[in-house]
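Below you'll find the structure, written out as structure tokens, and then a few comments.
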């Protein structure tokens, strides 16, 4: 759980280590990359208090390959001695005092969210986070509470994803909105995917956020400074054409079109000429062209608009609903994708300008 | 089947294409990298004869993503038009005449081997092929027939793998032994893994080998020139210590040891001090050390010998027998690994010299 954060690519060698220490009758494991810290506790019989830091990858692989049932750990001269029925190892470590202190956020007011709900929400919005860091405020996931709702939002200015999570209790947090680095969200996803957890508590401080996953895991991260765009104003309030589609068939049609469109910056065109069929067109001068026909139910105007196929596919890859709605308002207005079975998620995508 | 050989990394653009042509009421597909050629035939209703070459990756992905049942292919002006119920595509190609001719080996005398047997044999010997090309004769798999046996051998001079396949009929080939490039063997493995095939016929010519997989696939390859080492003389004829081991437990012990040994060129030491236990030792000055104990049945002398852990693991990864025998004749002699349940495979591994 912790050693994956202990990167061997860091310039500070100590950051490739994890810290093991006794803590009130349990063994505490920690790793940090100075921006994120993870702590976890496991049951142990402690005979004498102690602490050491050892290379994270080595101890993690040694323990996971060790098929014996019980491990004995002895720390001596900054070396960790691990023995079990069939395996013995001495792993050279460094003094625990050199290990960076991982901050602790005051566990006062918090937001509590079911682990599965949070995992799904992160997956649904993280696709829209900006990958470049030119606008730091866009390189993370925006989190804000509104009465008894938690909103998570991400945008790279070409598309925007917003998820609304209803909370059981009215949120009691001191801050209106915070931006959490994408890497922190990926680490949290990894933790939630690796263990069966029930509930996640989110604590906010001035510059930090802490996620407590059940009772044994804590993830602490810095926040991104800056102001998240006032995104609500760009959410379209109506549409000219609404298209209901099977997500799987639409995905398949887009993937086929993108074989051709990948030569032309993923530029594909969506056309409605009759209510029952959506056409996806891709033209790549060097390679050839493609036309896919998808059955749909369309209401409103006939339309023709160009999108980035990859951005449409990103949304389809995280929406679990078998049916989706695509709302279009002409060539120059953003399109909106919604799962047919929920009002809690929306994905806005800017159109591409074409010559025609 | 054929498009994977059509590499986009080739300097000749035509080699990233595959050729489609009508051939006596079927559709013939071909690709080549000039050293290897693959031909396959599929059923088709041919209305007019024709031929075209198109980018292999694009047509392969388009057809595999196309979920419609039936495809219509029309060749016009070197463009391939593919239509089906819901998808249409025009793929720009080049003239079929530019496509390199793939040679055909005279289908006269041949060796016939069950596909599964050949697939297993290739997997068992290809691990020992030399990866660098400084000695070309070692960069392929040596194939020779002896009465009613087919032998396949590979060595990189640090280890050697030999597989013997009993043949149903006495082989009638004109050549005593040939060396087949490792890449050809990997292509054949890929084909055998991708389709359920029964029988492979191997045809040999002066500079070429051809594998006919069932009736629809032909793989043609150049041979490597040069003389394969006279390896029989280095196969040990006896041993000082014979160790019987569970393959899985030995593998696990070696993998744990190699976590430490990877810092010191995979150098591990195997020790027998009592008949019931094998010890695996790894020492890495910077990192620490490790001692694993594996239960075994040993007969003969106590011993201590150093090997490359990765080379031992390579052999264990391809031997399907749950039990193996390890034969050792002191610090300076090669060790031999054999599956306990078969006399048809052996793997020889040179010891490492150590200071002690």
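Rule-based calculations on the coordinates, nothing more; no lab input. The shown structure was predicted, so the numbers you read here are calculated from the model rather than taken from an experiment. Here the Cβ positions follow ideal geometry from the backbone for every residue, glycine too, while neighbour counts run over all protein chains shown.
Observations
- Starting from the label point of residue B:70 at 7 Å along Cα→Cβ, the same points in the other copies fall at 7.1 nm, in ascending order.
- Other protein chain Cβ atoms within 10 Å, averaged over every residue that makes up A:57-69: 3
- Efficiency of FRET between residue B:265 and residue A:216 - r from beta-carbon atoms, R0 51 angstrom, step 0.05: 0.80
- Residue-averaged [θ]222 nm for chain A, counting only DSSP H segments that reach four residues, each worth -39500 (n - 2.57): -5000 deg cm²/dmol
- Burial ranking of peptide ranges A:86-95, B:42-51 (average Cβ count within 10 Å, highest at the top): A:86-95, B:42-51
- Note on chain A: with a GNM built from Cα contacts shorter than 10 Å, the maximum mean-square fluctuation among A:313, A:204, A:346 falls on A:313.
- Diffusion constant of chain B at 4 °C, which comes from Stokes-Einstein with the Kirkwood Cα-pair radius and 1.567 mPa s, µm²/s: 56 µm²/s
- Using a Gaussian network model of chain B in which every pair of alpha carbons under 10 angstrom is joined by a spring, one finds that among B:187, B:168, B:85 the greatest mean-square fluctuation is at B:85.
- Take every Cα pair under 8 Å whose residues are at least 6 apart in sequence, average their separation, divide by the length of region A:235-349, and the relative contact order is 30 percent.
- Segments B:10-17, B:244-251 sorted - mean Cβ within 10 Å per residue, highest first: B:244-251, B:10-17
- For residue B:51, label point 7 Å along C-beta direction: distances to other copies, nm: 7.6
- Between helix B:309-318 and chain B there is an angle of about 50 degrees, using the helix long axis and the longest principal axis of the Cα atoms.
- Residue mean of other protein chain beta carbons inside 10 Å, A:298-307: 0
- Gyration tensor verdict on the protein assembly as shown (Cα atoms; rounded if a/c is under 1.5, prolate if a/b is larger than b/c, oblate otherwise): oblate
- The spacing between region A:1-45 and region B:190-209, judged by their C-alpha centroids, is 52 Å.
- Where N is the number of residues in region A:110-232, Cα Rg divided by 2.2 N^0.38 Å: 0.97
- Among B:65, B:185, B:152, the residue with the largest mean-square fluctuation in a Gaussian network model of chain B, with springs joining Cα atoms closer than 10 Å, is B:65.
- Residue and whole-Å distance for the chain B Cβ lying nearest the axis of the B-onto-A rotation are B:9, 14.
- Per-residue shielding of A:279-287, expressed as the average number of other chain Cβ atoms within 10 Å of the residue Cβ, stands at 2.
- Gyration tensor (alpha-carbon) shape descriptor, region B:1-152, a/c threshold 1.5: prolate
- Dividing the convex hull volume of the alpha carbon atoms of region B:235-349 by its residue count gives 89 Å³ per residue.
- Computed from Cα atoms, the angle from the helix A:56-65 axis to the main principal axis of chain A rounds to 90 degrees.
- Taking the Kirkwood radius as Rh and the Cα radius of gyration as Rg, region B:270-325 has a ratio of Rg/Rh equal to 0.99.
- A straight line joining the Cα centroids of region B:64-109 and region B:316-356 runs 49 Å.
- Rounded, prolate or oblate (a/c below 1.5 giving rounded, otherwise prolate when a/b exceeds b/c) for region B:1-72 by Cα gyration tensor: oblate
- Crossing angle, helix A:182-194 versus chain A [Cα axis fit, 0-90 degrees, rounded to tens]: 70 degrees
- Chain A - percent relative contact order, Cα under 8 Å, separation 6 or more: 12 percent
- With label points defined 7 Å past Cα in the direction of Cβ, position residue B:27 shows copy-to-copy spacings of 5.9 nm, given to one decimal and shortest first.
- Sequence-distant contacts, meaning Cα pairs under 8 Å at least 6 residues apart, place the relative contact order of region A:110-232 at 28 percent.
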